[in-house]
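Worksheet for the structure shown next.
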Amino acid sequence: MKLSHALRLQAGDVVAIVGAGGKTSCLRTLMHEAANRTVLATTTNLGRVEADVAPKHIVVESPASLTSILASLEDVSETLFTGPLNDSLDKWTGLGEASLKNLVAKSQLTGKVLVVEADGARRKLFKAPAEHEPALPGEATLVVPVVNIGIVGRALTSDVVHRPDRMATLIGLPEGMLLEPAHIAYFMRHEEGGLKNVPEIARVRVLINGIDSTEKLAFARAVARELLAEQRISSVLLASLGNEGPVQEVWGRIGVVILAAGGSTRFGRPKLVQKWQGQAILPQVVDKVLESGLEPVVVVLGAEHARVAEAIGDMPVKTIHNPAWADGQSTSVIAGLGVIEGQCEAILFVLGDMPAITPGVLNDLVVAHRTTLASTIAPQAGGRLGNPVLFDRRTFSELASLEGDRGGRALFDRFPPHPVQTDEGVLFDIDTPEDLLSG
């Protein structure tokens, strides 16, 4: 998967790269993937030889000189902007605040993505920021903390860690001890670590680099699981920068909306409280969702909402009442979406009358999303698409615009689903009393 796709870059984004173990590689990769819409800059020192990350390099002597330069340029893409060379360090200096604001304005005006290296790490795999670091632009819309998973199993020493003393204090591990995935996760979600100085407006997508073995992939997945417990972090990218299509997986928070508001017209009475295989239908569906480990989970109720809510009891889900349920499924989709869209990278919409679904099917859809970031993902059995369906966040605005008795499948023409082969339980729902005898 391309890094630019995994980061969900959009025109006008201001991206700050911080941390260690792959920052400059990020710049190279993004310039390779999307040169015609990417501008590069630095607020920290950049090695002299690393100025080749972009085809063009402009040295900014002062804010006034940058104003003049930008006025003469129609297209700032494929260009690296730095301050003058520091001969004693053999490094290009970073842009000051005034120059950076000017460059941000120009980039956004022309619909480019500005990528800023905002941290130095002296080529180490892991680092603790100094008091003045990182130098993040206040306009940053996305912050990408980077860590190299090769640090796992290494000793906390200056050989591989920049400022090991500060790191030791921050994560509570004595210098010289071996670093484990839990230490990495703790640091990356810490307000003085990976989240230091992140502007309120910015999303955070952590990049775990250096995944070149199954063992390192397992370590990275363990870190990703812990990082997603922090609401400030939107997603975690598992990658090996330098490879073509460097991102192997994208872990994001995936919520679930269980649609349970219908009037059971064909059934003739409230069907979700009826028993299938000895248990009420809706609690079985909720159980399967909870077993999958996905969260948050919201159940949208409508007709007979008090009775249906009683069937769920104290199960650990959020229930909401959709008073407009009779106006069609779109109202329930929109109601559920509104509750959790801000917390999620994708949402699984599960029908409340499908008790034959399994946690395995739900997790198969999630795995497919991690490796593709497809806009829609649906289970398939016998050549037919079934339910539930996963919708990526790029579809959320379209879902919010649905009207009448239409669900998310109305989006399939615009966002063709990525199919996941599975069992025929994804085709079975309960519409009539006769269906209770099935399965």
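The values are calculated or read from the model by the stated rules, or taken from the named source; none is laboratory data. Keep in mind the model is a prediction, meaning the values are calculated, not measured. Because the Cβ atoms are built from the backbone with ideal geometry, glycine has one as well, and the counts that use them run over all protein chains shown. Keep in mind that these areas ignore ligands, DNA and RNA; they rest on the heavy atoms of the full protein, side chains included. Shrake-Rupley method; radii C 1.70, N 1.55, O 1.52, S 1.80 Å.
Check whether at least one residue in the range 17-27 is of a type in the set (A, V, I, L, M) and open to solvent by 70 Å² or more (accessible area, probe 1.4 Å), and report yes or no. Don't jump to the end; show me each part of the working.
In the first step, residues of the range 17-27 are kept if they are of a type in the set (A, V, I, L, M); the result is 17-18, 20, 27.
Pick out the ones that are also open to solvent by 70 Å² or more (accessible area, probe 1.4 Å) and you get none.
Within the range 17-27 (the criterion being of a type in the set (A, V, I, L, M) and open to solvent by 70 Å² or more (accessible area, probe 1.4 Å)), the answer is no, since none of the residues qualifies.
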Single condition Ser99 does not satisfy, out of (1) surrounded by 18 or more Cβ atoms within 10 Å (Cβ to Cβ); (2) over 15 Å from Leu40 (Cβ atoms); (3) out of contact with any strand residue (DSSP E or B) (no Cβ under 6 Å at 6 or more places or on another chain): (2)
Test: residue in the range 295-316 that is among the charged types (D, E, K, R), surrounded by fewer than 15 Cβ atoms within 10 Å (Cβ to Cβ) and under 25 Å from Leu402 (Cα atoms): no
Tabulated pairs, the range 422-433, first modelled with pLDDT under 80, second open to solvent by 50 Å² or more (accessible area, probe 1.4 Å), C-beta under 8 angstrom, 6+ apart or interchain: Asp431/Arg266; Thr432/Arg266; Pro433/Gly268
Residue under evaluation Val236, criteria (1) among the aliphatic types (A, V, I, L, M); (2) over 14 Å from the mean Cα position of the chain (by Cα); (3) not in a helix (DSSP H, G or I), criterion not met: (2)
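Given the options Val39, Val76, Val15, Val49, name the one that is in a loop (DSSP other than H, G, I, E, B) and either out of contact with any His (no Cβ under 7 Å at 6 or more places or on another chain) or at pLDDT below 95 (or both).
Numbers: Val39 fails: in a loop (DSSP other than H, G, I, E, B); Val15 fails: in a loop (DSSP other than H, G, I, E, B); Val49 fails: in a loop (DSSP other than H, G, I, E, B).
Answer to the check: Val76.
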